[in-house]
Amino acid sequence: MRPLELSIAGFRSYDEPVTFDWTGRQLVGIVGPIGSGKSSILDAIAFALYGKTPTFTGESASLIRHGCDRARIDLTFTIDGARSGETWRVSRILRRRGANAHALSRRDGDGAAIAQWDKERDVTAQIQQRLGL
């Protein structure tokens, strides 16, 4: 799995929306002072893929930044061995009140969705099946 783009809003250290674009990069370093949000980036990737993080094993609402009503994580990635140009996009929205939202789509080289899932169980199962983790 190679992450291409990560967008975070209201998740752990990130109040305002922020996007990390790793498209075309071969090597990426996540550096910064203590408390700058490095671990939050890794937790956001894990949460986008699996709906949980290794850091927080309890209620997922605890991942929502204090003062925010919801958190949103969007991750676009490729999978080794997939068809050329094929990408995947997973979105997870956590809400303090109401149902959370989960979506996964497989996209062709032009970005058009060619398969979609929108139930938490299906999203996580598809990712686990594809990544083998």
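The values are calculated or read from the model by the stated rules, or taken from the named source; none is laboratory data. What you are looking at is a predicted structure, and each value in this text was computed from that prediction instead of being measured. FYI the Cβ positions are ideal-geometry reconstructions off the backbone, even for glycines, and counts take in every protein chain you see. Ligands, DNA and RNA are stripped out before the accessible areas are found, and what is left, the full protein with its side chains, is counted by its heavy atoms. Shrake-Rupley method; radii C 1.70, N 1.55, O 1.52, S 1.80 Å.
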* Structure fact -> Classified through the alpha carbon gyration tensor (a ≥ b ≥ c as square roots of its eigenvalues; rounded if a/c is under 1.5, else prolate when a/b is larger than b/c, else oblate), segment 1-45 comes out oblate
* Separation of segment 1-37 and segment 107-127 by C-alpha centroid, Å? -> 22 Å
* Structure fact -> Treating only Lys and Arg (+1) and Asp and Glu (-1) as charged, each at its beta carbon, one finds that segment 69-119 has a dipole about its Cα centre, in Debye to the nearest 20, of 440 debye
* Structure fact -> Farthest towards the positive end of the dipole of the chain, among S36, P54, I114 and with Cβ unit charges of +1 on Lys and Arg and -1 on Asp and Glu, lies the Cα of P54
* Could you sort 60-67, 25-32 so that the peptide with the highest average Cβ count within 10 Å comes first and the rest follow in order? => 60-67, 25-32
* To do: Tell me what the chain gives for mean residue ellipticity at 222 nm when only DSSP H runs of n ≥ 4 count, each as -39,500 (n - 2.57), the sum divided by the residue total, rounded to 500 deg cm²/dmol.
  => -6000 deg cm²/dmol
* Express the carbon and sulfur contribution to the solvent-accessible surface of segment 1-95 as a percent, rounded to the nearest whole number, probe 1.4 angstrom. => 51 percent
* Can you put D110, D122, D21 in order of accessible area, largest first, using a 1.4 Å probe? -> D110, D21, D122
